Amino acid sequence: MNNTSTTYIPESFDKHSFQQDLINWYQSIRRELPWRENQDPYRIWVSEIMLQQTRVDTVIPYFNQFMERFPTVKDLANADEQDVLKAWEGLGYYSRARNLHTAVKEVVATYDGQIPSESSELKKLKGIGPYTLGAIMSIAFDEPIPAVDGNVMRVMSRIFEMYDNIADQKSKKKFEQVVEAVISKEDPSSFNQGLMELGALICSPKKPKCNECPVSYYCTAFSKGIQEELPVKTKAKKQRTIAYFAMVIEADGQYLIQKRPAQGLLANLWQFPLVEQAEFPKDEAIHYIELEYGLNLEMIHEGKQVKHVFSHVIWVVYPIFCRVSDGDISTDHGQFVTLEDMDQYPLSKVQHKIKQQIATT
DNA sequence: AAGCCGGGGCG
DNA sequence: CGCCCAGGCTT
């Protein structure tokens with residue numbers, strides 16, 4: 001069985017014309033984005049990490065603030081992780097920020113702050129996988145290395161009528177081989193970005209705008225009218241739901257928040273204490289916190305239920321507003337801070353939704 | 001290979 | 001509400 005790219009690329013495919021048409025189109029519609037001002041590898045790197053699983057419009061303000069706060073590799077390397085997470089607050093996938101921070105410190109320690117332009121070195125850095133490696137190498141260093149993301153797999157699956165399941169990790173290697181075979185050596189940066197832009201703007205998952213496509217001439221799926229059938233992708237498993245009580249504990253205008261564990265969901269972010277409803281009914285949850293945290297509490301009122309959908313789990317959180325009844329706020333399960341001071345701590349969206357309910361009461 | 005890891009936008 | 005998105009790490 002022949003698994004090489006030649007299996008997919010027809011004899012009639014005119015690689016050079018394809019490259020020209022794609023690149024010309026990209027140059028004509030190319031947007032001026034903050035990370036496209038120059039070829040600074042640091043800016044390209046940060047942007048590519050932020051753009052993982054995240055749309056351009058969402059990233060723009062985060063990128064600008066991040067660059068203002070951490071203008072250089074060394075600035076970021078010297079920063080506290082809490083400050084890096086604070087800059088990432090709301091973007092999600094916080095391990096991206098922690099890995100980037102780790103990698104940048106590695107660049108300072110091992111490469112004297114100079115981001116390596118050798119792909120074998122770059123690939124060693126935390127958080128730089130096959131896609132990001134290709135993106136940085138092509139955009140910052142003009143090296144013809146494939147940068148295959150979800151967009152590119154969709155585009156390629158249609159142009160070359162590939163039925164590989166894009167949810168399957170091993171399919172990615174096939175797509176990389178195909179891109180490898182057709183990538184422009186003259187302008188790999190525009191070529192790679194053109195493919196991604198095409199996937200984002202024209203070759204969309206549903207109802208692709210084939211009449212506006214600069215490379216529809218080369219597209220096998222379009223010629224057969226089967227563009228909506230591709231790519232093949234198996235469905236993700238449904239998330240399980242976990243129900244929590246969020247204990248909003250107030251004492252003299254201050255509220256108890258605590259740092260989440262260094263591993264797992266929302267690692268190292270801060271939260272109002274959570275109690276799983278499966279473990280404690282409502283009345284027992286307060287009593288549990290009193291015993292465990294060494295606080296005396298009285299309930300004030302119940303809040304409005306907050307639902308939050310993550311990638312693999314759904315949280316339903318029911319806020320319970322309490323007050324410390326005896327003025328003794330000593331506990332080793334977090335710290336009491338004012339709402340104003342809370343702005344210094346990285347909180348997830350869920351926690352912000354709960355915090356919002358304090359302001360309105 | 002499968003599971004884990006956020007949040008937002010869109011039909 | 002389901003699906004998708006400029007993915008990578010861990011197990």
For region A:184-244 the GluC sites (Glu not before Pro) that pass both the DSSP coil test and the at-most-15 other-Cβ-within-10 Å test are A:186
Projected onto the charge dipole of chain A (unit charges on the beta-carbon of Lys, Arg, Asp and Glu, signs +1, +1, -1, -1), the Cα from A:159, A:134, A:277 with the largest positive-side position is that of A:159
Listed residues A:213, A:322 arranged by accessible area, highest first, probe 1.4 Å: A:213, A:322
Express as a percent, rounded to the nearest 5, the fraction of DSSP beta bridges in chain A (both residues included) that run antiparallel. 60 percent
If I compute solvent accessible area with a 1.4 Å probe over the protein chains, what percent of it on chain A is carbon and sulfur? 47 percent
Which far-off residues, 5 or more places away or on another chain, put their amide H under 5 Å from the one on residue A:348, with H placed in the peptide plane? A:270
Accessible surface of residue A:142 - all protein chains present, 1.4 Å probe, nearest 10 Å²: 80 Å²
Dipole of region A:186-320, positive end: most advanced residue of A:263, A:223, A:300 [Cβ charges, Cα centre]: A:223
About its Cα centre, how strong a charge dipole does region A:16-156 have in debye, to the nearest 20, once Lys and Arg get +1 and Asp and Glu get -1 at the Cβ? 340 debye
Roughly how big is chain A's charge dipole about its Cα centre, with Cβ charges of +1 (Lys, Arg) and -1 (Asp, Glu), in debye to the nearest 20? 1380 debye
So who's got an amide H within less than 5 Å of the one on residue A:300, skipping anything under 5 residues away but keeping other chains? H placed 1.01 Å off N, in plane. A:321, A:322, A:323
Determine the relative contact order of chain A: mean sequence separation of Cα pairs under 8 Å and six or more apart, normalised by residue count, in whole percent. 16 percent
Inter-label distance for residue A:68 and residue A:142, nm, one decimal - labels placed 7 Å from Cα along Cα-to-Cβ: 3.3 nm
Per-residue SASA entry for residue A:163, accessible area with 1.4 Å probe, Å² rounded to 10: 120 Å²
Give me the 1.4 Å probe accessible area per residue for chain A, excluding ligands and nucleic acids, in Å². 51 Å²
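The values are calculated or read from the model by the stated rules, or taken from the named source; none is laboratory data. Keep in mind that what you see is a predicted model, and the values were worked out from it rather than measured. Neighbour counts are summed over all protein chains in view; Cβ atoms, including those assigned to glycine, are modelled from backbone coordinates with ideal geometry. Side chains are part of the model used for accessible areas, which takes the heavy atoms of the whole protein and leaves out ligands, DNA and RNA. Shrake-Rupley method; radii C 1.70, N 1.55, O 1.52, S 1.80 Å.
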